[in-house]
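Trainee: Take a look at this one; I'll ask things after.
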Amino acid sequence: MAVPAAVTARRAPVRGGRAVVAAAVLVGWLVLWAALRGIHTLPLGTAELTPLHRRFNEINDAVGAGRNSNPVFLYVFNEIRLVIDTLVTFLQGLFAQPSYGRPVPLVGWLGVVALVGYASWVFGNVRVAALAVAGFVLFGLQGLWRESMDTLALTLAAVLVSLLIGIPLGVWAGLSDRVYRLATPVLDFMQTMPTFVYLAPLTLFFLIGPASATIATLIFATPPAVRITAHAIRSVPAATVEAAQSLGATRGQTLATVLLPLSKRTVVLGVNQTIMAALSMVTIAALIDAPGLGKTVVKALETLDVGTAFNAGLAIVVLAVLLDRVTTAASEEDARRRGGRRDRRRRPLLLAGAVLTGGCVWLSHTYVWAAQFPAGSGVGAAIARTADSATAWAQGGFAGVTGAVRDLVTTLLLNPFEALLTGSPWWLVGAVVVALGALTGGPRVAATAAACVALIVGTGLWRDSMTTLASSLVATVIVLALGVVVGVWMGRSALADRLVRPVLDAGQTMPAFVYLVPFLALFGASRFTAIVAAIVYAAPVTVKIIADGVRGVPLDTVEAAVSAGSGTWQIITKVQLPMARGALALATNQGLVYVLSMVVVGGLVGAGALGYDVVAGFSQGQLYGKGLAAGLAIVLLGVMFDRITQAAAHRAANAPGGR
């Protein structure tokens, strides 16, 4: 077959030499591993602590002892915690928890349902309002009304603070190139850092509880608000802005009358993304005693109670869908109604709806039957029993298949990777990583890799780090294989893109804990279960990146290959994938980062290693320092491989013919 010259020209001698050197490094690693296996592996027992871990424990104790006397805590951290706690407590007392001397919240279930339905109707439409009412009633029928309202209260508190910070900062970044350049790397760092890493340091300064959970959530949820608001401001046509300025509008008037109104719809999209990010993080923050549905899921996972975990996970999914639909409908309906007569016709109905809603709120404030959701519906118990029955059926009916898949992946991929990484001397693994860093990114990346290796050794958790790395690499390999198959299909077929993309969007917005429940039912508590959950979490972004890379290959090049007689397989393997190697490298980067961000979640279902260390550190005071060190080791692994894969992606994208 004849391959186009533009494609064959990409094989530069320098890159080929680099590949040979990389292969030689890996072969040398295998040879030395066979000779030196089992020495200098730095093992550490489950209950053992290093001096660093004890030092962290001492710092934790010292911080706890000085929390009410140190000026930094008295006037900074305690004040921030007090403000956040007050906001969360107010929202919980408003509609979630008994408060102000009452046995029930200020607004009971009937008032909350009416308010949610009315707000969904005002900002969205009737269909969304009906969906919202049905969803909130379902929370009560599931027996999870208080847990759902606690989750909603924490989400609202985090979103309010995130938007108060994020929207003004986003407007500033949209107006100023300097601020935009300064903010971008900070936002990248906040979004790529594994979310669990926030939790341990925050508990040191803000204690375990709702305040730390809310602050961790707003750290995770603020970047989308800033980034999308800045994009919205920058997307306003320059001609429109210049026209306003030519009419004498000041900078403030231009912002208030032109930029903000024209970017309103995109800003609402930013609000939507902030809410979804906050909901995802609030459930994870259950690890530091955040109240709500996440806590129910965590407790159920710890006892392998699949039915209860499924019931609570279903409520999280329903809440995520409702919040997404309401904010999306608000964005669409705002544009549709602008300037129309429809608003004038709705006003009497809106007034009647407000009166009805006010009546429901009064009833829920006054009468117990309207404040406490009626118990005994049995819906939640029925869902849990059905999930347990389905689990037993799946475990019995598919035991052969699931067991075979689990054993195949464990035997062929996981065990060999783990044996290589945990059995090699630490300095050998470090030398290989530094060499790969030098080959892909030069001295700077090699120095970063060396520093990360040294710091991981310093945490005292080298062996656990290698065990975690083995699982992460296996998950990343499978994610990439899945990404190539589905991404190429989507990149080559518009129909496939339309069919698969909504599924990927749902996978990206679903809280991470929810993934664990069905896989826990199918595969039980094991390393493989954690790997599967990480694959599901990382696959959507990987598939999308590869699909976009394949779709971006110039049509002329593909047509030239077709005219030269290439078949479909030849076009994919010799034209589209090679020319999309920049996207492949970026997908590898994002796949590994997303997989690492699921390490702690995997620790809940038998993954062990660093994930277990972090979870144990949250729940056992004497292991706090070890858990903190484990969180630091996860960050270092992420930074190290992020730099190496980013350098590889940059090199591939800048190579001739690369994208």
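The values are calculated or read from the model by the stated rules, or taken from the named source; none is laboratory data. All values derive from a computational prediction rather than experimental measurement. Cβ placement follows ideal geometry from the backbone for every residue including glycine, while neighbour counts extend to all protein chains displayed. Note: accessible area is taken over every heavy atom of the protein model, side chains too, but ligands, DNA and RNA are not part of it. Shrake-Rupley method; radii C 1.70, N 1.55, O 1.52, S 1.80 Å.
Trainee: Suppose the filter is among the hydroxyl-bearing types (S, T, Y), modelled with pLDDT under 90 and open to solvent by less than 40 Å² (accessible area, probe 1.4 Å); does T89 pass it?
Mentor: Against the criterion (among the hydroxyl-bearing types (S, T, Y), modelled with pLDDT under 90 and open to solvent by less than 40 Å² (accessible area, probe 1.4 Å)), T89 does not qualify.
Trainee: Now a separate question. Any residue that is part of a helix (DSSP H, G or I), touching a Gly at 6+ places or on another chain (Cβ under 8 Å) and under 17 Å from Q646 (Cα atoms) - is there at least one of those in region 458-474?
Mentor: Among the residues of region 458-474, not one is part of a helix (DSSP H, G or I), touching a Gly at 6+ places or on another chain (Cβ under 8 Å) and under 17 Å from Q646 (Cα atoms), which makes the answer no.
Trainee: Now for a separate question. Which condition from (1) without any contact (Cβ under 8 Å) to a residue 60 or more places away in the chain; (2) closer than 28 Å to S424 by Cα; (3) of a type in the set (G, A, S); (4) open to solvent by 40 Å² or more (accessible area, probe 1.4 Å) is the one that G38 breaks?
Mentor: (1)
Trainee: Here are some residues: I208, I165. Which one is within 30 Å of P71 (Cα to Cα), at pLDDT below 80 and over 20 Å from the mean Cα position of the chain (by Cα)?
Mentor: Step by step, each of I208, I165 is checked, and only I208 is within 30 Å of P71 (Cα to Cα), at pLDDT below 80 and over 20 Å from the mean Cα position of the chain (by Cα).
Trainee: Give the residues of region 245-286 that are over 30 Å from the mean Cα position of the chain (by Cα), in a helix (DSSP H, G or I) and among the polar types (S, T, N, Q), sorted by residue number.
Mentor: Q245, S246, Q253, T254, T257 - these are the residues of region 245-286 that are over 30 Å from the mean Cα position of the chain (by Cα), in a helix (DSSP H, G or I) and among the polar types (S, T, N, Q).
Trainee: Here's a check for you: in region 226-253, which residue that is without any contact (Cβ under 8 Å) to a residue 40 or more places away in the chain and hydrophobic (A, V, I, L, M, F, W, C) is farthest from V267 (Cα to Cα)?
Mentor: Looking at residues that are without any contact (Cβ under 8 Å) to a residue 40 or more places away in the chain and hydrophobic (A, V, I, L, M, F, W, C), I get L247.
Trainee: List the helices (runs of 4 or more DSSP H) that sit entirely inside region 306-399 and contain at least 1 residues that are surrounded by fewer than 16 Cβ atoms within 10 Å (Cβ to Cβ) and either at pLDDT 85 or above or on the phi > 0 side of the Ramachandran plot (or both).
Mentor: In region 306-399, 342-366, 368-371, 379-397 are the helices (runs of 4 or more DSSP H) which contain 1 or more residues that are surrounded by fewer than 16 Cβ atoms within 10 Å (Cβ to Cβ) and either at pLDDT 85 or above or on the phi > 0 side of the Ramachandran plot (or both).
Trainee: Quick test for you: out of G111, G117, G135, pick the one residue that is closer than 25 Å to V297 by Cβ and either of a type in the set (D, E, K, R) or at pLDDT 90 or above (or both).
Mentor: Values: G111 fails: closer than 25 Å to V297 by Cβ; G117 fails: closer than 25 Å to V297 by Cβ.
None of the other options fit; the residue is G135.
Yes/no per residue for (1) more than 29 Å from M466 (Cβ to Cβ); (2) open to solvent by less than 10 Å² (accessible area, probe 1.4 Å); (3) in contact with a Phe, Trp or Tyr (Cβ under 6 Å, 6 or more places away or on another chain):
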position	(1), (2), (3)
G552	yes, no, no
G565	yes, no, no
G582	yes, yes, no
Q590	no, no, no
G611	no, yes, no
V615	no, no, no
G621	no, no, no
Y624	no, no, no
A629	no, yes, no
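Trainee: Report whether or not A446 is over 23 Å from T476 (Cβ atoms), in a helix (DSSP H, G or I), at pLDDT 80 or above and open to solvent by 10 Å² or more (accessible area, probe 1.4 Å).
Mentor: So A446 does not fit the description; no.
Trainee: Which condition number in (1) open to solvent by 10 Å² or more (accessible area, probe 1.4 Å); (2) touching a Leu at 6+ places or on another chain (Cβ under 7 Å); (3) assigned to a helix (DSSP H, G or I) is the one that V236 fails?
Mentor: (3)
Trainee: Answer yes if at least one residue in region 417-438 is of a type in the set (V, I, T), under 29 Å from V550 (Cβ atoms) and either assigned to a helix (DSSP H, G or I) or open to solvent by less than 30 Å² (accessible area, probe 1.4 Å) (or both), and no otherwise.
Mentor: no
Trainee: So N70 passes all but one of these: (1) within 32 Å of the chain's Cα centre (by Cα); (2) farther than 24 Å from H365 by Cβ; (3) free of Cβ contacts under 8 Å to residues at least 24 places away in the same chain. Which condition number does it fail?
Mentor: The failed condition is (1).
Trainee: Quick one: would you say L408 is within 29 Å of the chain's Cα centre (by Cα), within 26 Å of A34 (Cα to Cα), part of a helix (DSSP H, G or I) and aliphatic (A, V, I, L, M)? If you could, list the steps in order and put the result at the bottom.
Mentor: Details: within 29 Å of the chain's Cα centre (by Cα): yes; within 26 Å of A34 (Cα to Cα): yes; part of a helix (DSSP H, G or I): yes; aliphatic (A, V, I, L, M): yes.
Against the criterion (within 29 Å of the chain's Cα centre (by Cα), within 26 Å of A34 (Cα to Cα), part of a helix (DSSP H, G or I) and aliphatic (A, V, I, L, M)), L408 qualifies.
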